[in-house]
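Here is the structure we will look at.
The values are calculated or read from the model by the stated rules, or taken from the named source; none is laboratory data. Note that the coordinates shown come from a computational prediction; the quantities given were computed from them, not determined experimentally. For neighbour counting, all protein chains shown are included, and Cβ atoms are generated from backbone atoms with ideal geometry for every residue, glycine included.
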């Protein structure tokens, strides 16, 4: 490969990749799919927030969290609480025993709105809570674990336990949280009907825009001194600690960033789908979210998005076309990726894609360059 061309591709690889991703999600998919399918893809993109956070946290920070569904779910619940209160005005709930409270509270014989629900009547508070509540929980977990140098598999087990505990707590407190059914029948956002086709289209683009913003933020972090320290900690943590850096604080920071990204994804999921339930908080969805990052490539922010789309497209296609076999087919997909593409889709691109693109560009340049004989005749 031409050294100049190779250098040019390396310098612009991230931005070119981001431009391609933007073209795919902002242009190609809206033109190729109807509103129903686009809303489904929007749901997939909301999962991609978690995968992008895991690339920072796990791929570069070496922190494998198996409880990211906790932060995804908390962000979704914070948004769902506001939407549910808006849908539970006294006129809409006049047939209830206690008008003005969510229907599941009335069914569980509550006669007043719980105190911690009251602030969620305000949209501004709900938006702040979407990011702040999961980030504060991540901060507490991070300080408790990393300051005591709990890491590796022990940290993964702890995050799994937290996911299980929160899921059980949400299901058990049915009168406050909606229980196993979750918070459902969400209709409007500040009077705007989020169930219409136009609303779903707008929410898709908002989700995609926020996702691109998270990718740019992640790239900024990785390009900074902090990103280099994260990679150094992943490979030689003790050496970084002996160099005088507070390793625990860096780990807490990147864990909180990943939690905030996951929470934003959860909020956008709630807006697009119209409900939030504990099925997105537990251990199984958290492990699935790790698979998204692994399939895309745990060292690639863009690969995490493609991995999320691929896994969920496969899940949808297999469940629709082979309802009796789709779980086995999905398992086969995961095994194939691990065996043949251990670095995910991003690794496949690094080993084959860049060489193919370079050859393509070289071929075009060679075709555009006039032959020496033709120049002499001219």
Out of 153, 212, I need the residue that is more than 26 Å from residue 117 (Cα to Cα), part of a helix (DSSP H, G or I) and either touching a strand residue (DSSP E or B) at 6+ places or on another chain (Cβ under 7 Å) or modelled with pLDDT of 90 or more (or both). Which one? 212
Residues of region 198-225 satisfying the condition of being more than 18 Å from the chain's Cα centre (by Cα) and surrounded by fewer than 18 Cβ atoms within 10 Å (Cβ to Cβ): 198, 201, 202, 223, 224, 225
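Each row is one residue, and each column tells you yes or no for (1) closer than 30 Å to residue 230 by Cα; (2) touching a helix residue (DSSP H, G or I) at 6+ places or on another chain (Cβ under 8 Å).
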residue: 49; (1), (2): yes, yes
residue: 57; (1), (2): yes, yes
residue: 79; (1), (2): no, yes
residue: 84; (1), (2): no, no
residue: 94; (1), (2): no, no
residue: 103; (1), (2): no, no
residue: 110; (1), (2): no, yes
Count of region 162-204 residues which are assigned to a helix (DSSP H, G or I), in contact (Cβ under 8 Å) with a residue 40 or more places away in the chain and either over 29 Å from residue 27 (Cβ atoms) or in contact with a strand residue (DSSP E or B) (Cβ under 6 Å, 6 or more places away or on another chain) (or both): 14
So, in region 126-150, of the ones that are closer than 20 Å to residue 283 by Cβ and buried (at least 18 other Cβ atoms within 10 Å of the Cβ), which residue ends up nearest to the chain's Cα centre (by Cα)? 134
On the basis of being crowded, with 22+ Cβ neighbours inside 10 Å and touching a strand residue (DSSP E or B) at 6+ places or on another chain (Cβ under 7 Å), does residue 308 make the cut? no
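Conditions tested, residue by residue: (1) surrounded by fewer than 24 Cβ atoms within 10 Å (Cβ to Cβ); (2) part of a helix (DSSP H, G or I).
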{"residue": "250", "(1), (2)": "yes, yes"}
{"residue": "258", "(1), (2)": "no, yes"}
{"residue": "266", "(1), (2)": "no, yes"}
{"residue": "293", "(1), (2)": "no, yes"}
{"residue": "303", "(1), (2)": "no, yes"}
{"residue": "323", "(1), (2)": "yes, no"}
